[in-house]
Each structure stands twice: as C-alpha cells, then as structure tokens.
Amino acid sequence: MRLTPDPRPVEVPGSRVRVVFGAGMLARLGQLADGLLPRVAGDPERRVLLVTDPGLRDSGHVGRALAALAGAGLAAEVFDGVHENPTGDDVSAGAEFARSRRPGLIVGLGGGSAMDAAKGVNLLLTNGGTMSDYEGYGKARRPMLPLIAVPTSAGTGSEAQSYALISDPATHRKMACGDPKAQPRVALLDPDLTATAPPHVAAAAGIDAIAHAAESSATTRRTDVSRRLSRWAWELLAPAFPRSMGPSAADQARADMLLGAHLAGAAIENSMLGAAHALANPLTARFGVTHGQAVGLMLPHVVRFNALEENPYSDLEAEGGALADRLDEFLAQAGLAGRLRDLAVDRAVLADLAEMAAGQWTARFNPRPVGKAELEALYRSAW
C-alpha cells in the first residue's frame, strides 16, 4: 500500500499514537499542541518545552516549529543540549532546564536521539529520579506530560514507541527505558523535514529503518499485528531507499521512507528486535560506529544465520539468502562500510564485543537462540 502525503491521519494497527502525515505538516504543530494543553489564558501550564539538538537550529526547523507554536498563542522554551546517543546526563540536564519553565507539553524535534531524550526528560520531570531508575518497563508511577514527536530523519521510528534508549554515562551501555505513559500522543510526520538531512545521515537512518522492518518481522515476540506492520514498512522502504538519498531525492521516496520508518517503529512496539541490534550496540559503545552503519553491516550476517534451516523473514522475502543479498546491496548503495575491518574494529576484541552483545536485551528475541559463541561467530563473519 502506498500513500500520498496529505493532512489526513494515518491509521496504524495496534498503535495508540495519533499520526499526522504529509508535506508541510510542521505548520500544524501549534494547532496540535494547543489541542493537548489546557485552555486557560495566562496559565503557565500552557508553556511548551521543545527538546532538540543544536544542529537543527541551522536547518531552520527549530525556528519554524517555534513560529507554529507562537501562532497558536503558545510560549516555548528550547532545550538543545541533546547529543547523539543521549546519556542520562543529557536527560538530567534537560529535566533541570524544564523544572523552572513548568511546561505543560513537550515536543521532541529531531532524530531518534532528540525524541528519546524528550521521553527521558518527561520521565524525570514528572516522576523524578535518574534514567537508571526507569530501565525496563512500566516504572513511572505518576502521570506524564503529553508529548508530540516530530522526526527529522526517516530512521528510528522512536515517535511510534514507548521506549527511550538512553546510554549510561559511565559505561555507555544503552538502557531501554519504557513506559506506556512515555509514548508520544502525536507523531507529526512531515517529509519536508527530511530533505535537509546530510546524505550520510539519511543513509544511516534509512538502513536503520530497514533493519527495524526486517528484525521485527522475525522475532520470537512477533504477532499478527506486528507482522502486518513489518510488511507494510518493508513494502514502502525497500523500493524507496535507493531513490531517497541525496539532495535530488524524489518527494514521494522521502515520504515513503518517513512513513515506512514510523511503521517499522510501530512494529518494534509490538514485536521487539533481534541479534543485529544486539551486535550493533557494542560497536557504537566501543568504537563510536554510527548505529545505522553498525546494524546495517551486521544485519545480512544475522539474516543468513537465522535462515540456515527455515526462513523466519518469509513475510518480506521468500528466501532468506535473497533478503541478505538485497540488504548487502542497500549497504553498498548507501556508501556504508561492508566489513568491520573497514571501520577500524580490532579483531582481537571480537570476543569482548560478543560478551557485551550477549547482555543486550534484544538478543533474547532473536528467532534462533544466540549466546556469546554464536555472536562472536557473527562478528568474525563480518570482520
């Protein structure tokens, strides 16, 4: 199924998030925020906190978001201290910034890092503590502020999810902190916002979205709903990805990528992920490899491993080997590295990386059981 961007909501099976999808939809941010805030003139609760990263100021997206909010009579404060792979320190700083501003609503504008940080700030602002207190699921005891998530890249699908991935500042281990109250009320999907993403950012984000569709389609936690979402996402992402990169990318391709990434994120919410993400996180923590690059490099090896006896990816491709070959092609088209050695990953530490990967929560949901030995073998096949 293919959709042309327009202002009508998109109905996503199994999701509580209201989706507003279409080119130019950032202009509706003020209207959407106004509808989620109390209508009391002069009440400080009608203030909005915009969580973003510093790079988006230069793109003009922050200015346009603030103009849309001001047009609806809403005052907004900007916290832009979010770094890539945000840490608990980033989130604590954002919560401290927000306390004196007393917002009644939060907007997360940016990639997955900004949206995850917005969820984290919401947790600490309303429930207190530190991010490590919320590792796991369902640990928030108090109500949270409404959140509008506005992705500026087609990648993580964080705007569809109740989880925030926040790194421990000491160990760099990614903590999955989830709560149903942390899920955005609204996902505002405006493909115009993805047009300014640098090519390498768009490529890594797109590969991440493709990995989400593939892994969520095959996990041990998949459901009928998640399988529908994974397939819908794949049908949008696979043909759009080669046409979506670069400044001359077709508008429809960028729109399909953005919606596909959201659907893949919604599939994760209903299914979880697998070994490719477990293998990717240590590469980011130990060697600073961009997440999309890391997961994209490992995914074809994981697909071949999982499909040795039967193909758990049959919703996407009839043959697991064919799917893996296509994923290799995507990686090459994106100009991303295809071997760990090309990323200066030391072969001597693969066993250590495998031990870290075995402790990642997504490893538990892989269609074939994996432990340290299997994960080390996958690293070695990719080296």
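The values are calculated or read from the model by the stated rules, or taken from the named source; none is laboratory data. Since the model is a prediction, treat every value here as computed from it, not as a measurement. With ideal geometry, Cβ positions are generated from the backbone for all residues, glycine too; neighbour counts draw on all protein chains shown.
Hey, any hits in region 113-122 for a residue that's at pLDDT 95 or above, surrounded by fewer than 21 Cβ atoms within 10 Å (Cβ to Cβ) and not acidic (D, E)?
No: region 113-122 contains no residue that is at pLDDT 95 or above, surrounded by fewer than 21 Cβ atoms within 10 Å (Cβ to Cβ) and not acidic (D, E).
Can you confirm whether T126 is closer than 17 Å to P184 by Cβ and touching a Pro at 6+ places or on another chain (Cβ under 7 Å)?
yes
Looking at region 219-242, I want the residues that are without any contact (Cβ under 8 Å) to a residue 24 or more places away in the chain and have a partner that is part of a helix (DSSP H, G or I) and charged (D, E, K, R) with Cβ atoms under 8 Å, at least 6 apart or on another chain. Which pairs are those?
P239/D256; A240/R254; A240/D256
Which condition does R141 not pass, out of (1) more than 12 Å from the chain's Cα centre (by Cα); (2) within 30 Å of A334 (Cβ to Cβ), if it passes all the others?
(2)
List the residue pairs whose Cβ atoms are under 7 Å apart, where the first residue sits in region 318-329 and is touching a residue at least 12 places away in the same chain (Cβ under 8 Å) and under 15 Å from H301 (Cβ atoms), the second is among the β-branched types (V, I, T) and in a helix (DSSP H, G or I), and the two are 6 or more positions apart or on different chains.
As it stands, the answer is G320/V303; L323/V303; A324/V303; L327/V303, since those pairs meet every condition given.
When you go through (1) within 24 Å of the chain's Cα centre (by Cα); (2) crowded, with 19+ Cβ neighbours inside 10 Å; (3) more than 27 Å from T284 (Cβ to Cβ) one by one for R64, which number turns out not to apply?
(2)
Which condition number does A154 fail, the rest of (1) in a loop (DSSP other than H, G, I, E, B); (2) more than 26 Å from A27 (Cβ to Cβ); (3) not charged (D, E, K, R) being met?
(2)
Among residues belonging to region 93-111 that are free of Cβ contacts under 8 Å to residues at least 60 places away in the same chain and either surrounded by 21 or more Cβ atoms within 10 Å (Cβ to Cβ) or not assigned by TED's automatic domain parsing to the domain that holds S162 (or both), point out the one that is farthest from W361 (Cα to Cα).
Ranking the candidates gives P103 first.
So which residues in region 132-165 are within 19 Å of D53 (Cβ to Cβ) and touching a Cys at 6+ places or on another chain (Cβ under 6 Å)?
A164 - this is the single residue of region 132-165 that is within 19 Å of D53 (Cβ to Cβ) and touching a Cys at 6+ places or on another chain (Cβ under 6 Å).
For the structure I just gave you, tell me whether E310 is more than 30 Å from T87 (Cβ to Cβ), without any contact (Cβ under 8 Å) to a residue 40 or more places away in the chain, among the charged types (D, E, K, R) and in a loop (DSSP other than H, G, I, E, B).
yes
So which residues in region 167-192 are touching a strand residue (DSSP E or B) at 6+ places or on another chain (Cβ under 8 Å), at pLDDT below 95 and aliphatic (A, V, I, L, M)?
M175, A176
When region 214-266 is examined, which residues are found to be among the basic types (K, R) and either in the same structural domain as A149 (by TED's automatic domain parsing) or part of a helix (DSSP H, G or I) (or both)? Walk me through it before giving the result.
Within region 214-266, the subset among the basic types (K, R) is 221-222, 227-228, 231, 243, 254.
Correct list: R227, R228, R231, R243, R254.
So which of A285, A294, A264 is touching a residue at least 60 places away in the same chain (Cβ under 8 Å), buried (at least 24 other Cβ atoms within 10 Å of the Cβ) and not β-branched (V, I, T)? Spell out the reasoning first.
Values: A285 fails: buried (at least 24 other Cβ atoms within 10 Å of the Cβ); A294 fails: touching a residue at least 60 places away in the same chain (Cβ under 8 Å).
Result of the check over A285, A294, A264: A264.
On the basis of being farther than 29 Å from M356 by Cβ and surrounded by fewer than 21 Cβ atoms within 10 Å (Cβ to Cβ), does A255 make the cut?
Values: farther than 29 Å from M356 by Cβ: yes; surrounded by fewer than 21 Cβ atoms within 10 Å (Cβ to Cβ): no.
The answer is no for A255.
Considering every residue within region 154-174, establish whether at least one is crowded, with 24+ Cβ neighbours inside 10 Å, aliphatic (A, V, I, L, M) and more than 19 Å from N281 (Cα to Cα).
Taking every residue of region 154-174 in turn, at least one turns out to be crowded, with 24+ Cβ neighbours inside 10 Å, aliphatic (A, V, I, L, M) and more than 19 Å from N281 (Cα to Cα).
What number of residues in region 46-62 are assigned to a helix (DSSP H, G or I) and farther than 21 Å from S100 by Cβ?
Residues meeting the conditions: 6.
In region 225-247, which residues are farther than 23 Å from S15 by Cβ and of a type in the set (K, R)?
Listed by number, the list holds a single entry, R243.
Being modelled with pLDDT of 95 or more and not in a helix (DSSP H, G or I), is that true of even one residue in region 291-307?
Checked against the condition, which is being modelled with pLDDT of 95 or more and not in a helix (DSSP H, G or I), region 291-307 yields at least one hit.
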